[in-house]
Amino acid sequence: MNDSVYTQLLDLACGAFLLAAVVVLWLRQLSSIVRAFALQGVALAAVAGLLGVHEGRWDLLAVAVGIGLLRAGALPHLIRRALAAGTPPAAHHFTHHYEEDVSEARETQPLVNVAASLLSAALLTLLAYAVARPLVELDPTPATSALPVGLAVVLIGFFTLVTRRRALAQVVGFLLLDNGITATAFLAASGVPLIVELGVSFDVLLAVLVLQILTTRMRAAFGGTGIDDLRELRD
């Protein structure tokens, strides 16, 4: 793979990676948000794979495969299972409980509306490019030139985490944040050792399993996963 093709493919993968994070902010249906997150996992795996092919490192290729299986497969599957646990049976389509469960499958009342969220994503991306400029100038390579994308996804993931009311949407925000940190590590240091990535991935998998249990308990106790319901714990 020559440098020109490598640069174009890396830019394409990083663009898809950033776009998936912005799409998460735009969407309201939780099932669609999970699909966007899965596509971001594919883009992150592509970034790691391209770095591995360009540098001839088999360990990075193994990491890319692991990222694809975990972040585009296992984690979205776990979130879908948690989401499906709140889906009512077809026989109750016209009941009041069904209407409540349908609203549970959507992020209906985020703290920031869609237009403001997209504007914030644009501003956070500009901030990431401004902050990363000195780092890029230290060693201007195709990988480091894409470093602002990883930082932008970190900021967008944190923004998603703090502005969503549904627990599952916040889980996706947490995972976006982790994807951004992983992408930043890949682009800044041309990847991380396989054992380190495995350790981090298992930690993330454990965190998602715990969050899945918590959201199931919240739904059983409060009938939903809106964080406003937790205010009842003060009484």
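Values quoted throughout were computed directly from the atomic coordinates according to the rules given, and no laboratory measurement underlies them. Quick caveat, the model's predicted, so the values are computed rather than measured. As a convention, Cβ positions derive from the backbone with ideal geometry for all residues, glycine included, and neighbour counts pool all protein chains shown.
A crude spin-label estimate for the pair Ser4 and Arg80, with each label 7 Å from Cα along the Cβ direction, gives 4.0 nm. Going from the fewest other Cβ atoms within 10 Å to the most, the residues Ser4, Ser117 appear in the order Ser4, Ser117. The ranking of Leu119, Leu60 from fewest to most other beta carbons within 10 Å of each one's beta carbon is Leu119, Leu60. Highest-first packing order for the peptide set 165-173, 28-36 is 165-173, 28-36, based on the mean count of other beta carbon atoms within 10 Å.
About its Cα centre, region 1-80 has a charge dipole of approximately 480 debye under the convention of +1 per Lys or Arg Cβ and -1 per Asp or Glu Cβ, with nothing else charged. Placing pseudo-labels 7 Å out from each Cα toward the beta carbon at Leu69 and Val162 gives an inter-label distance of 3.7 nm.
When Phe17, Phe174 are ordered from fewest to most other Cβ atoms inside 10 Å of their Cβ, what list results?
Phe174, Phe17
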